[in-house]
1. Can you tell me how much longer the chain between Ala212 and Ala341 gets when fully stretched, taken as 0.36 nm per residue apart minus their C-alpha distance, in nm with one decimal?
2. Quick query: amide H of Val120 versus all other amide H atoms, modeled in the peptide plane; which residues come in under 5 Å with a sequence gap of 5 or more or a different chain?
3. What ranking do 132-140, 228-236 get when scored by the average of other Cβ atoms within 10 Å per residue, highest first?
4. Calculate, for Ser45 and Leu304, the FRET efficiency according to 1/(1 + (r/R0)^6) with r their C-beta to C-beta distance and R0 45 Å; round to the nearest 0.05.
5. Taking the Cα-to-Cβ direction at Glu26 and at Asp113 and moving 7 Å from each Cα, how far apart do the two end points lie in nm?
6. Pick out, in residue order, every one of the GluC sites (Glu not before Pro) in region 88-159 that is DSSP loop and has at most 10 other C-beta atoms within 10 Å; say none if there are none.
7. May I ask you to evaluate 6.51 cos²θ - 1.76 cosθ + 1.60, the Karplus curve with θ = phi - 60°, for each residue of region 269-277 and list the ³J(HN,Hα) values in order in whole Hz, giving x for glycine and proline?
8. Which order do the peptides 324-335, 214-225, 364-375 come out in when sorted by mean C-beta neighbours inside 10 angstrom, highest first?
Amino acid sequence: MPTSVELRQQRARVVESLREITETAEKANRNLEAQERESYDRHESEFRELSERIERQEAQEAREADQARSLGDTSNPGNSEPDRRSQVRRAFVQALRMGPARMAPEQRALVQDEAGMIIVPEELESEILRSLPGLTVIRPLANTRPIGTNRVRRRSLDEVSVGWGKLETGDQSLTDSMPDTPREEYTYVEDLYGLAKVGEDEFDDTDVNLEAFISDSFARAIAEAEDTGFTVGGGREDHEPVGFMTSDGGVPTVTGSSPDYSGASEGVALLDDMKALIYATPAQYRRNGAFVLPSGTELFISTLKTASGAYYWQPSVQAGRPNTFLGYAIHNQEDIASIAAGARIAAFGDFQAGYRIYDRQGMTLKRLEELYAEDGMLGFKVRYRVGGDVVRPQALRILETADNGNGGGGDD
């Protein structure tokens, strides 16, 4: 019977086959053909079956290890799950220091995939993912889901309507509350690459410090790129997540009353437009609503004064507390456009319900030995896979300034 490690290697090969099928069709800018669809579904079924076998096998190995420890059996040490994780972690640090080519074959097999990339241990990958919400703006607001495939097939439904009445008396029929026919849509997982340069002196430190450096460096690089992608990403054509501020996200817009809010009275009108943005959002999504806008726009709002010199709105003075407008938190995202004619300058809504992030399991890196050698540095190129898409556009609203002075205020 294969071990859990061997089963995981089999599953990795299946995932690679799935990726080859989808990438072949995507490069040709076409849908999957019948034969490809059949092969994709077969591999997808095999992936689920292997995942179930891995869970059962790991549970069995854990039981056997517990039983061996209870009987005092020391004839086969190192097979328990904690020991295996420790071996993988040590092999990972060894790969960072030496490179896979100079490792023993059995050590290299623990951390190297078929493409020769170094596999980041699951525990370290989890540490990086856990640190991301503290470094990003959008990830803590959105819904996050881990996946093991390169794209997610999702069914898109219009909102379900319900009605009162008895079926037997003809007051209501089942079709009255049935949604429209579901539309088949896909969210793709994209590649995100990052680079960390480590000085040669860093390698004189302990393994723990080296891991901490890699973890912190990758997390910060990923966080910055993620926020940009989730906010203004161009979608599949640009090999980026779908940004909620883009037209591809499908979020309804509210047209502001001014193109630039440059006049004294027009500046105050921005406050009214932000209020309109709140009430343009359905009530069920206002409960967990929040604003996302750039720092410059928030600064502009905070400088608006009445004729007597009093500020219309004042930000929070409590440390650690986000600023609020009419009781809703304000978060700053600098990739959103500043105030200008026809620009999308702010978003509001329930991002937990409206936007979903897909974390593709399996982070890898490549050791770059020669590229930065003259600078006394060693490079590590990380490959991280993540996707993002608007899953419920009605939960969000975008404030778009008027174009050429034609004010609106309506909900498109």
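The values are calculated or read from the model by the stated rules, or taken from the named source; none is laboratory data. Every value quoted in this text rests on a predicted model; they were computed, and no experiment measured them. With ideal geometry, Cβ positions are generated from the backbone for all residues, glycine too; neighbour counts draw on all protein chains shown. For the accessible areas, the whole protein counts, side chains as well, though only heavy atoms, and no ligand, DNA or RNA atoms are used. Shrake-Rupley method; radii C 1.70, N 1.55, O 1.52, S 1.80 Å.
1. Details: separation 129, 0.36 × 129 = 46.44 nm, distance 4.54 nm.
Result for the pair: 41.9 nm of gain on full extension.
2. Distant-sequence amide H within range of Val120: Met363, Thr364, Leu365.
3. On the way: 132-140: 18.8, 228-236: 21.6.
Those peptides, ordered most packed to least, come out 228-236, 132-140.
4. Numbers: r = 59 Å, r/R0 = 1.32.
That gives a FRET efficiency of 0.15.
5. It works out to 1.3 nm between the two label points.
6. Values: sites: Glu106, Glu114, Glu122, Glu123, Glu125, Glu127, Glu159; in loops: Glu114, Glu159.
Sparse-neighbourhood loop GluC sites (Glu not before Pro): Glu114, Glu159.
7. Karplus values, whole Hz, x for Gly and Pro: 4, 4, 4, 5, 5, 5, 5, 4, 5.
8. Numbers: 324-335: 16.2, 214-225: 19.2, 364-375: 14.2.
By packing density, highest mean first, the sequence is 214-225, 324-335, 364-375.
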